[in-house]
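The values are calculated or read from the model by the stated rules, or taken from the named source; none is laboratory data. Predicted model only: the values in this text are computed from it and were never measured. Positions of Cβ are backbone-derived with ideal geometry, glycine not excepted, and every protein chain shown enters the neighbour counts.
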Amino acid sequence: MRREIDIVYVIDPDEAVHDALAALLGAVGIRVVCYLSAEAFLGADCMHSSLRGVVLAEVNLPGMDSLALLRRLRNAGVDLPVVVLTSTSNRDIADQALKAGAVEVIEKPLVHSRLLNRLHHLVRHSDDVGTELNG
């Protein structure tokens with residue numbers, strides 16, 4: 001059964017990023033909920049397996065970084081697709097994020113068309129993403 005999901009959880013310490021992504025994604029009908037840190041996201045009752053959507057998280061977060069967040073989500077059985085954003089082309093960080101369970105690592109500055117295409121696919125085909133994560 002395919003789920004229709006229309007929400008992206010943005011976790012980034014920069015409120016300007018929140019505003020830009022909310023405007024960009026909102027323009028194509030995707031709802032955005034923003035958090036300044038991984039702890040804020042986790043504190044918003046986001047640690048249950050029935051949570052739906054896509055997480056878009058900056059790799060360098062204050063406090064818990066996105067790699068630790070990925071491990072925490074996976075250990076709790078939360079299989080949300082997670083896209084990690086990074087401002088460097090460091091291959092080690094990308095490899096670590098993918099090994100921790102990220103479905104993709106996207107380098108900033110964001111190429112809006114690539115981001116929109118990838119998020120549209122993840123948001124609309126979350127059952128397939130869950131299978132990819134578990135398989």
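The figures follow:
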| read-out | value |
| --- | --- |
| Output for the range 80-96, where each listed residue is closer than 17 Å to Y9 by Cβ and touching a Ser or Thr at 6+ places or on another chain (Cβ under 7 Å) | P81, V84 |
| Pairs with Cβ under 9 Å, 6+ apart, first in the range 95-119 and farther than 20 Å from D79 by Cβ and among the charged types (D, E, K, R), second at pLDDT 85 or above and in a helix (DSSP H, G or I) | E107/A94; K108/V17 |
| Search result, residues across the range 73-118 that are over 13 Å from V54 (Cβ atoms), in contact with a helix residue (DSSP H, G or I) (Cβ under 7 Å, 6 or more places away or on another chain) and not small (G, A, S) | T86, Q96, V105, H112 |
| Which listed residue is without any contact (Cβ under 8 Å) to a residue 40 or more places away in the chain, within 21 Å of H121 (Cβ to Cβ), surrounded by fewer than 21 Cβ atoms within 10 Å (Cβ to Cβ) and within 15 Å of the chain's Cα centre (by Cα), from V84, V33 | V33 |
| Single unsatisfied condition, P62 versus (1) in contact with a Pro (Cβ under 8 Å, 6 or more places away or on another chain); (2) surrounded by 14 or more Cβ atoms within 10 Å (Cβ to Cβ) | (2) |
| Candidate set: the range 36-67, residues that are under 13 Å from the mean Cα position of the chain (by Cα) and of a type in the set (D, E, K, R); chosen: the one nearest to L122 (Cα to Cα) | R52 |
